[in-house]
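Notes follow once the structure below has been shown.
Please treat every number below as a calculation from the coordinates, not as lab data. Remember, predicted model here, so these are calculated numbers, not experimental data. Glycine also receives a Cβ, built like all others from the backbone with ideal geometry; neighbour counts cover every protein chain displayed.
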Amino acid sequence: MELIPEKDRFKLTRRLSPLFLLLLLFLLLVLGRMFYLQLELGQEFERLSAVNRIRHESIPASRGKIVDRAGRVLAADQPVFQLVREPGKEGPDMVGVQRLADLLEVDANKLSGRLADPERRFILRDLSDQQKIRFEEKSAQFPGLKINVFPRRVYDYGEVVGPVVGYTGEIGRQELVRRRGEGLAQGDIVGKRGVESSYDRYLRGEDGLRWIETTATGEYIRTLDSPSPIAPQAGNDLQLNLDLELQKEVKATFDSDSEGAVVVMEIPSGRVRSLFVQPAYDPNKFVRGNREEIRQLFLEEDDPLVNRAVHSRYPPASSFKIIPYMAALENNFDPATIFGCPGYYELGREEFGCWREEGHGRLNLHRALVHSCNVYFYNLAKELQIDKIAEIGDDLNYSGRAGIDIPGERPAQLSTPTLLSERYGLPWTDGELLNTVIGQGYTLISPIKQAQILGRLVTGRHIVPRLVGEVENEETDFPSAENRERLLTTMGEVTSSGTGYWARHTEDYQPIDTEVAGKTGTVQKVRLDDDVDTPSADAWFVSVAPASSPEYVVIVFLSEAGSAGQTAAPQARDVYLKMEKLGYFTEEN
Amino acid sequence: MRRRASNVIVFSIAIVLSLVGIALIYSASHRVFGFELAFKQASWFLTGLSLALVINWTVASGFYRYRWLLYFFGVALLVLTLFFGVDARGGQRWLSLWRFNLQTSEVMKLFLLLTLAGISEKIEAQQLSRFRGIFYILAVAAVPVVLIFLQPNLGTVLVFLAIVCGWFFISGWWQEGIALVVLGTGGAIGGSLVLAPFEGNTERIVQAVVELPAQIGLVFWFTLGVLLLVTVVIPYFKRRNVNFAGYICLLLTGIIIGTMLIPSLAPYQRERLESFFNPFAVSREGGYSLIQSQIAIGSGGWFGQGYMSGTQSQLGFIPELWTDFIFSVGVEEFGALFAIFIVLCYLLVIYGVFSAAALADEWWIFYFFSGIGIVWIAHLIIGIGMAIGLTPISGLPLPFVSYGGSFLIVNWVMVGLFVKLNRRRSFL
């Protein structure tokens, strides 16, 4: 630490002074600039009386339309009329309220109740055209009330596409914080759920801004020209891959009270042509804003807000067997290997049954999948061990999300020793291995993820299911072309002579035109309580068509429907018939 | 100003500014965050204040003794930030430590000041040549500048460049300081050329000028190199004064660097710059906030619209209200009086720091104190300048007032060091 010699001390002030002068100059500039700004705007201020104020108001941008692949409008803004109170005004007296109620034919008590709350701005939402005209004719009698036009989302196809499209609503506090920096403010309308939410930024456009002069109490006086208003930028229209016609036809294959989901995905592009779930909700209920209606949606026992194709996971049951099947082929297991099925499998003192109690007799790998023989797969599991199954699970990215552009997708999980110890704190047992190989146990998967997995097994591509656009994918050598061909042949036989017979044949045993290749899956449920009947099984049918050169993956999931071969498979057939009718399997669609 | 007086002034004004900051942050953020942000700021203020007091009971010169250790620690933090930093606002600037996100570049400011002070003390005591001195200072400053540029955090890079430039002045190297200022001015002009909204023919001419270096290619660079060599480099190394032609050359170089730098900026930075030249063209994030900020300031009048009732700031129209635009919030709610008050506060604080520097006994204390002043000046000029539309580029927090834990705490540590070192023979 060196002392400053006294002879140098005079230098110090000299060196610092330019910096200080710079600061002084700058701060003077700041003050000058501030007074300049105040004068510039002040001209406006001064001209106005002292109590008037300038505020700004956002000019809402119109939100883009959502259309299906053929341009049919699924969601669009439409003007609606609302009766509002002008800020700071009292509104009509008792007599006026009665007169207004008579004029608009509404309940006078409700009306006076709303008018009594001075904070309340919206008096009546949703005026009919008639009500609007009647009010406008006599509006002079009701000072302080006026009619405003608001854009509102209208979803013409309600429940058919509701869970895909989603709905819009006022931005929540959490979302406001999360999307900080996007220029959103309280009260802004944003997409909630579905593609309305995932493509919100694309759809919403940018609100404009105008400066208005108001009285001190906030009454509107006029719009200012300077500063000039910023025009709103309309949002973009969004085209979905979805086919509304197909979606409607798929709905027609469902009983009104059944619960389930159907996914139709084009491969290898991943374009989702239909994603139908039931029960579903009508998005119009949310935008209409009737509180009772919305409350009901949240309370309903069958949870219509849950998109069963994306937000729910179920055990894949036998539809999982295509995975150990492929694992066997990829690990050079000889497909000609024969195991006998007496109808059960002994593991220590426990017996693991086959679904066919009398047994399948002697089968090879191919026949085992065609007839969905559990015992063969138990034997196969002992050969492969969990490592090989976990390995192929990793290769397929089984434990993950499919990546569909609907918010809230739940990732699938594959039952492995790691999952059991980390998630459930359970040890791995041989019994668990047997459960895993037939898709029972801790493996869970959503219909949309099933579509991705099956797409991978038959094309060798990591296909991302998308409602908008597509994600490019490349052909890989996993699974090998030869093994993909084998799987298709075997799955083709499932529908010609195996458990999926009804997916390929009409009720009078006639084969349909489309060569469907698929696999059934019946999720056996355990009776939890002696007093209650065992719930019926959930049913899967996962399929591709045409088997010779796959173009579409169709996944059918039905909750508590019973044996898949009798329920999901024929329903898949109906979907294929509708697709045939719409020309899906004829030239260039 | 006597030592005791400067201590009292710096310490008490720092407290006042911090309290004003908390009040303004609450006003600007309570609609969305309630008490959350104001409470956090208050807790950081108390943390900083306690650190300042703790420093008062310890040997403050310890910081100086271990300056190199601190410097490398700071560099290590910056490197870690590049790899493990938290992504936000278009850059990786924060290191997540338990529940606190540390903005490592702010900590580095303090460490760099200490290191530079050490180098300058050596230069003064050993009468090192000016060239060697400049080389040392540039070398030490370059490391953090590059690391922060990579984050990227343009605002903070500018603060570091301002520190270097200011350092040249306090070292008495006028010519170098002025050269840097000229170069910087050129850069600003160059940037304006690229971004300013010209119309019709002017636009084409400007376009042509901007594309000149790329079109002429090597010949252009060669000519510029020769010009610089003849007018600046040779006279400089021959210890002659750089003349007018030299400065013009530097200005030109600055303009060229400026025009070439803009396209390499991150989109959000570009937008902020663009909005400076034409706020009404860029409607949302960039220009929008600038218009809002200026309207907020313009509508303040003498006494403002009253606490918690500024229309612009209450409706949440200004993005990053509580960090970069806190000045606008203050002016809108408390009017011109607030601006005058804040300006006086900063003038007094920096006057206090500088006058203490001029009274210092040791070289390093002179440099360290002056450095503190430079950091604050840089923040004021770049930060306030942007809020009122005087200077472009990303906003910077106002010392003590703006929301942000790292900068507030570092500032309070600087106050603690200042008070302690300044008081060596007198008492607060």
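Worth a mention:
- For segment A:244-581, the Kirkwood radius over C-alpha pairs fed into Stokes-Einstein at 4 °C and 1.567 mPa s yields D = 64 µm² per second.
- All other residues whose Cβ lies under 11 angstrom from that of B:A296 are scored, Lys and Arg at +1 and Asp and Glu at -1, for a net of -2.
- Computed extension gain for A:V306 through A:L577, at 0.36 nm per residue and net of the alpha carbon distance, reaches 94.8 nm.
- Segment A:424-440 and segment A:454-521: distance between their alpha carbon centers, rounded to Å: 27
- Take B:7-18, A:294-305, B:249-260 and order them by the average number of nearby Cβ atoms within 10 Å per residue, most first; the result is B:249-260, B:7-18, A:294-305.
- Highest-first arrangement of A:307-316, A:67-76, where packing means the average Cβ count within 10 Å: A:307-316, A:67-76
- nm² value of the averaged projected area, convex hull over the Cα atoms of chain A: 45.3
- Size descriptor, Kirkwood hydrodynamic radius, that averages inverse alpha-carbon separations across segment A:90-143, Å: 11.4
- In straight-distance terms, cross-link reach from B:K420 covers every one of the lysines whose alpha-carbon lies under 23 Å from its own, apart from those fewer than eight places away in the same chain; here that gives B:K109, B:K122.
- With the alpha-carbon atoms of segment A:444-536 aligned to their principal axes, the span from lowest to highest coordinate is 53, 33, 27 Å, starting with the largest.
- Of the beta bridges in the protein assembly as shown, as assigned by DSSP with both residues counted there, near 95 percent are antiparallel.
- Close Lys pairs in segment A:244-581, defined as Cα atoms under 14 Å apart and 8 or more places apart or on different chains, number 5.
- Per-peptide average of other Cβ atoms within 10 Å, ordering A:443-454, A:424-435, A:495-506 highest first: A:443-454, A:495-506, A:424-435
- Per the Kirkwood formula applied to alpha carbons, segment A:304-372 shows a radius of gyration over Rh ratio, Rg over Rh, of 1.11.
- Kirkwood Rh (inverse of mean 1/r, distinct Cα pairs), the protein assembly as shown, angstrom: 34.2
- Residue mean of other protein chain beta carbons inside 10 Å, B:295-302: 6
- Kirkwood Rh in Å, taken over segment B:1-138 so that all alpha-carbon pairs contribute: 18.1
- Linear extension gain, B:L261 paired with B:S50, 0.36 nm per residue minus alpha-carbon span: 71.7 nm
- For the segment B:352-359, counting C-beta atoms of other chains within 10 Å of every residue's C-beta and taking the mean gives 4.
- Distance cut-off 20 Å, percentage of C-alpha pairs in segment A:374-505 lying past it: 55
- Alpha-carbon centroid distance for the pair segment B:98-112 / segment A:166-202, whole angstrom: 33
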